[in-house]
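Take a look at the structure below.
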Amino acid sequence: MTTQKRKTTTKSDLKAALTRLLREKDFEAISVSDITKEAGVNRGTFYLHYVDKFDMMDKLIDEILQNILILLKEGQPKSKQETFPGIVKIFEYLKEDFDFVHAMTLNRFNYTAKLVHDFLLELTRQIGPIKKNIEMVYPLPDDYAQEVFIYSNSAIFFHWIQKGGVETPEEIAKIFLRMTV
């Protein structure tokens, strides 16, 4: 096996182990030793990839957010209708990694809520059609309209996660975009 494949496999094993552990205990109660035992790797291997469990979580979440930003920027949407396929792709991507997203969201809600807030704030700044629609839909000062959009869509996202992601990516994308009619 090549070194790159081994690294990818090890990281996947560590992520799967963390996901399983997050279903059983609070993140604060999980140790690096717990993660490595669950993954079947030694602690030295863990430390080749991560500084500690917080670094691991940050890197896993950052990877998700970066991939979502890449999906959003594809095609440079100029209208709400053009934004829909990108939103669907995002929910498809989240569905592919749903076990981790679900475990992390339920276990570290405040941490995740801040990340989602910051991500949606960045989304409103970068995607022109969304920003324009927010201004039209919510007759409020810009910063208040932006917060209404962010919290409404955060609530939709978290409700979808808590329900187990039962709606298809297309269904949840339609609900998501209704907030910017």
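Points to keep in mind about this one:
- Matching entry among Leu48, Leu72, Leu65 (being among the hydrophobic types (A, V, I, L, M, F, W, C), surrounded by fewer than 18 Cβ atoms within 10 Å (Cβ to Cβ), modelled with pLDDT under 90 and at negative phi): Leu65
- Answer from Thr124, Thr105 - the residue that is at pLDDT 80 or above and either more than 12 Å from the chain's Cα centre (by Cα) or not assigned by TED's automatic domain parsing to the domain that holds Phe27 (or both): Thr105
- In the range 152-180, the residue that is surrounded by the most Cβ atoms within 10 Å (Cβ to Cβ) out of those that are within 15 Å of Leu94 (Cα to Cα) and of a type in the set (A, V, I, L, M) is Ile172.
- Among the residues of the range 153-170, those identified as under 22 Å from Asp118 (Cβ atoms) and among the β-branched types (Val, Ile, Thr) are Ile156, Ile161.
- Annotation note: Cβ proximity below 7 Å between a residue of the range 152-179 that is under 17 Å from Asp97 (Cβ atoms) and a residue that is part of a helix (DSSP H, G or I) and of a type outside the set (A, V, I, L, M, F, W, C) (sequence gap 6+ or interchain) occurs for Phe158/Thr105; Ile161/His102; Ile161/Thr105; Gly165/Lys95; Pro169/Glu92; Pro169/Lys95.
- Test: residue in the range 76-84 that is β-branched (Val, Ile, Thr), surrounded by 15 or more Cβ atoms within 10 Å (Cβ to Cβ) and either in contact with a helix residue (DSSP H, G or I) (Cβ under 9 Å, 6 or more places away or on another chain) or not assigned by TED's automatic domain parsing to the domain that holds Lys11 (or both): yes
- Comparison of Ala39, Ala17, Ala29 shows that the only residue that is outside the structural domain of Ser154 (by TED's automatic domain parsing), surrounded by 13 or more Cβ atoms within 10 Å (Cβ to Cβ), more than 24 Å from Gly165 (Cβ to Cβ) and without any contact (Cβ under 8 Å) to a residue 40 or more places away in the chain is Ala39.
- Residue list for the range 149-172, restricted to those being modelled with pLDDT of 90 or more, among the aliphatic types (A, V, I, L, M) and part of a helix (DSSP H, G or I): Ala155, Ile156, Ile161, Ile172
The values are calculated or read from the model by the stated rules, or taken from the named source; none is laboratory data. Since we're looking at a predicted model, the values are computed, not measured. Ideal geometry is used to build each Cβ from the backbone, glycine not excepted, and the neighbour counts take in all protein chains shown.
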